[in-house]
């Protein structure tokens, strides 16, 4: 408990967690509103063309919970959360505070675990609340017609909302692990951003080899867990993808603990 209390004081005494939280809220709710508004504008335009006797040259967009929650809260919001988690480790290395921390608390695994748990639980709760808020905001701005899929009766809706919170918790643990492994803010942030946004998408360019690797990419499995049809032929279902990502998280964090215990602060 003393380790948790010490880490809580360190984290809450800086401004970056508050700014990151604001960014997550703005991105999560803002993108949900944009999804709802654009879908409503699209269906209104579609209906107007039909009413005038014209044949619309596009299909209307009916957003699901994945578009409403996954793009903002589970997408960009989770990226900001990972940056925050990584900075809790790399900032201590940058300013030399980590030496004092390890002198006061020799159990280095406990230090990393406390950081991961604090930010992870915070990220889980924030993502859960924002996920519900983003869902209802998108539903309200889309209207009854465009928002027909934004219902808890639609298959997969609940999984997107609670799944986004679960994945936020796991991604925080990964970010703490990456921060401990690299010990450098720019490198850790670059890897955490490029991996899900760029690196995994590049495998689609490598033909049969890329298609064989894609089912084993960690963030591709998060999308499969949330129900997104990415065109990848996975070897397991949504729950299998969650288990795979949990194992991946454990490997990264375990490696971070092992390396941190073996090298000098």
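Out of all the residues in the stretch 108-121, is one or more loosely packed, with under 14 Cβ neighbours inside 10 Å and within 14 Å of the chain's Cα centre (by Cα)?
yes
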Among helices (runs of 4 or more DSSP H) completely within the stretch 1-104, the ones holding 3 or more residues that are under 23 Å from residue 137 (Cβ atoms) are 16-51, 77-95
(1) more than 25 Å from residue 134 (Cβ to Cβ); (2) surrounded by fewer than 22 Cβ atoms within 10 Å (Cβ to Cβ); (3) more than 19 Å from the chain's Cα centre (by Cα) all hold for residue 256 apart from (2)
Residue hits (the stretch 93-146; in contact (Cβ under 8 Å) with a residue 40 or more places away in the chain and at positive phi) are 143
In the set 83, 43, 98, the lone residue that is under 22 Å from residue 2 (Cα atoms) and either in contact with a helix residue (DSSP H, G or I) (Cβ under 6 Å, 6 or more places away or on another chain) or surrounded by 22 or more Cβ atoms within 10 Å (Cβ to Cβ) (or both) is 98
**Study point:** Residue in the stretch 234-247 that is touching a residue at least 24 places away in the same chain (Cβ under 8 Å), buried (at least 19 other Cβ atoms within 10 Å of the Cβ) and over 23 Å from residue 125 (Cα atoms) present
**Key:** no
* Asked: Looking at residue 38, is it at pLDDT 90 or above, out of contact with any strand residue (DSSP E or B) (no Cβ under 7 Å at 6 or more places or on another chain) and under 23 Å from residue 253 (Cα atoms)?
  -> no
Of 91, 16, 64, the only residue that is within 23 Å of the chain's Cα centre (by Cα) and at pLDDT below 85 is 16
Reported set for the stretch 150-164 where residues are surrounded by fewer than 24 Cβ atoms within 10 Å (Cβ to Cβ) and either assigned to a helix (DSSP H, G or I) or in contact with a helix residue (DSSP H, G or I) (Cβ under 6 Å, 6 or more places away or on another chain) (or both) is 157, 158, 159, 162
query: Is at least one residue of the stretch 59-67 closer than 30 Å to residue 259 by Cβ and surrounded by 16 or more Cβ atoms within 10 Å (Cβ to Cβ)?
result: no
Return yes or no: is residue 179 modelled with pLDDT of 90 or more, in contact with a helix residue (DSSP H, G or I) (Cβ under 8 Å, 6 or more places away or on another chain), farther than 27 Å from residue 235 by Cα and crowded, with 18+ Cβ neighbours inside 10 Å?
-> yes
Flagged in the stretch 183-204 as free of Cβ contacts under 8 Å to residues at least 12 places away in the same chain and under 27 Å from residue 263 (Cα atoms), in numbering order, are 186, 187, 190, 194
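The values are calculated or read from the model by the stated rules, or taken from the named source; none is laboratory data. Everything quoted here is computed from the prediction, not taken from an experiment. Here Cβ is always computed from backbone atoms with ideal geometry, including for glycine, and neighbour counts include all displayed protein chains.
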